[in-house]
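A short worksheet on the structure shown next.
The values are calculated or read from the model by the stated rules, or taken from the named source; none is laboratory data. Keep in mind that this is a model prediction, so the values were computed, not measured. Quick reminder, even Gly has a Cβ in these numbers, built from the backbone with ideal geometry, and neighbours come from all protein chains shown. Each accessible area value is taken on the protein alone, full model and side chains, heavy atoms only, with ligands, DNA and RNA left out. Shrake-Rupley method; radii C 1.70, N 1.55, O 1.52, S 1.80 Å.
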Amino acid sequence: PTEKTDVLYAHLKHGKYNFRVKSISGEGIESNESSFSFTVKPALWETIWIQILLILLLLYSIYRFIQVQIESHSRNSDKLNQELLEKNSVIENFNHNIERLNKEKDKVLSVISNDLRGPINNFISLSRMFKTDSADLDNDKVKDYSDKILNSANTINDLLDNLLQWSSIQQGIIL
């Protein structure tokens, strides 16, 4: 026997219920069964519409996240491509300058070669003549050949000095 006249059923799942009650008196007399039908509605988050809305919201969030990532990568890719184009342009300019400098160097070496060839050939010719004719030469001829060899050597030396000075100026070195 109890004096309690109410009952709490917490956390019932949504659905239809039929509550049936039968009581027994203190003398042991049994009452007729009473029933009460009721429906527990689902919580808002358990409704199909809210679940569909949440799924759509989740899918849209994923879509936007991916779209933002793609845009970010695209901007980074465009920026990197622009930097690459700029660096390629710088490299092309360097290559152009190197080619131009190599052509200038080749011209200078050609001029130097031609300028040195004459005095060196004279020096070699005079040395050969001096060697082959040395037994038949008198003192005046020896002196003449020696003067020509000395002049040729001085010309070669002057050309080499000029070349050294030009090279130093090109490199920014003061001798």
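What does the charge add up to near Thr39, with Lys and Arg as +1, Asp and Glu as -1, over the other residues with Cβ less than 15 Å from its Cβ? Net charge around Thr39: +2. For the chain, the share of accessible area belonging to carbon and sulfur comes to 58 percent (1.4 Å probe, ligands and nucleic acids excluded). Farthest toward the positive end of the dipole of segment 97-175, out of Asn97, Gln171, Asn151, is the Cα of Asn97, where the dipole comes from beta carbon charges about the Cα centre.
Cβ-Cβ distance of Lys16 and Ile55, R₀ of 22 Å, FRET efficiency by 1/(1 + (r/R0)^6): the value works out to about 0.25.
When the P(r) of segment 35-175 is calculated, the portion above 20 Å amounts to 76% of the C-alpha pairs. What the Cα atoms of segment 1-89 give is an Rg and a Dmax of 32.1, 108 Å.
Largest GNM mean-square fluctuation across Val68, Val142, Val90, computed for the chain with C-alpha springs under 10 Å, falls on Val142.
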